[in-house]
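To start, the structure itself, in structure tokens.
Each reported figure results from applying straightforward, stated rules to the coordinates on display, with no laboratory input. Owing to the predicted nature of the structure, the values given are computational and were not obtained by experimental measurement. Here the Cβ is made from the backbone with ideal geometry for all residues, glycine too, and neighbour counts use every protein chain on show.
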């Protein structure tokens, strides 16, 4: 992997996260250009459509994270890890497409989102972890944005039992080995809580974020 390419800066200026409403929405509008997305993540924001053709920029309080020393790996999950082969960035677009499957409940990844993160991937900022069966089928995976020691998880999917969890185990191992310090999962769902996700106050998240983005990247050769 090569050093990420810094895109032109965003033409938008995000409000302070202190202006977030009760849901955690800080702003509406702007675009999904690479510079805008990177500025958002560096500021503690992430995009998700509010309604058709309108992007909302979120900074929830509390914020969901998975402590890199706190991932819960059950015995059954350990057995599942032996059933799949893991790769990194071998099928980024296929992972995004699977996460964007309109048949999934609460789907929010539309064509502009897909194009935006594919471009971030091309520039070296977005990455995927894939889990494959012995027959070479894509069984599950996840993708997100990496800036220094931050990995901001965006979405995950599975077609086979535990495949997305196995991809997460692989991601955490890579982050720990590479010196990353922050794995952001946005909100804590019951599924993520079962894997060790916890909630932290927004203020604490922003402090940890500022340190993480200045840190070393586990996606580059050391």
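Here are a few things to note about the model shown:
- Each peptide in 91-102, 119-130 gets a packing score, the mean of other Cβ atoms within 10 Å over its residues, and the list from highest to lowest is 119-130, 91-102.
- Scattering curve values for the chain, log₁₀ I(q)/I(0), Debye with Cα scatterers, q = 0.08, 0.16 Å⁻¹: -0.26, -1.15
- Segment 17-58 shape via C-alpha gyration tensor axes, a/c threshold 1.5: oblate
- Under a Gaussian network description of the chain, with springs only between Cα atoms under 10 Å, the residue in 208, 114, 23 that fluctuates furthest is 23.
- With neighbours defined as other Cβ atoms within 10 Å of a residue's Cβ, the residues 189, 36 order from fewest to most as 189, 36.
- For the chain, the longest principal axis of the Cα atoms and the long axis of helix 163-178 meet at an angle of about 70 degrees.
- Most mobile of 172, 54, 17 in a GNM of the chain (Cα contacts under 10 Å): 54
- Largest GNM mean-square fluctuation among 61, 162, 69, using the chain with Cα springs under 10 Å: 69.
- Against the main long axis of the alpha-carbon atoms of the chain, helix 202-212 sits at an angle near 70°.
- Binning the alpha carbon pair distances of segment 85-203 at 5 angstrom intervals from zero yields the distribution 2, 11, 21, 25, 22, 14, 4, 0, 0, 0, expressed in whole percent.
- Nearest-ten-degree value, helix 111-123 long axis tilted from longest Cα axis of the chain: 80
- Annotation: the residues 55, 66, 2, sorted from fewest to most other C-beta atoms within 10 Å of their own C-beta, follow the order 2, 55, 66.
- Taking every C-alpha pair closer than 8 Å and separated by at least 6 residues, the mean separation divided by the residue count of the chain gives a relative contact order of 25 percent.
- Between segment 158-204 and segment 1-73, the Cα center-to-center distance that results, in Å: 17
- Take the Cβ atoms of residue 134 and residue 54, set R0 to 45 Å, and the FRET efficiency comes out at 0.55.
- Likely footprinting exposure, 14, 151, fewest C-beta neighbours within 10 Å first: 14, 151
- Rounded if a/c under 1.5, otherwise prolate or oblate - segment 142-222, Cα gyration tensor axes: oblate
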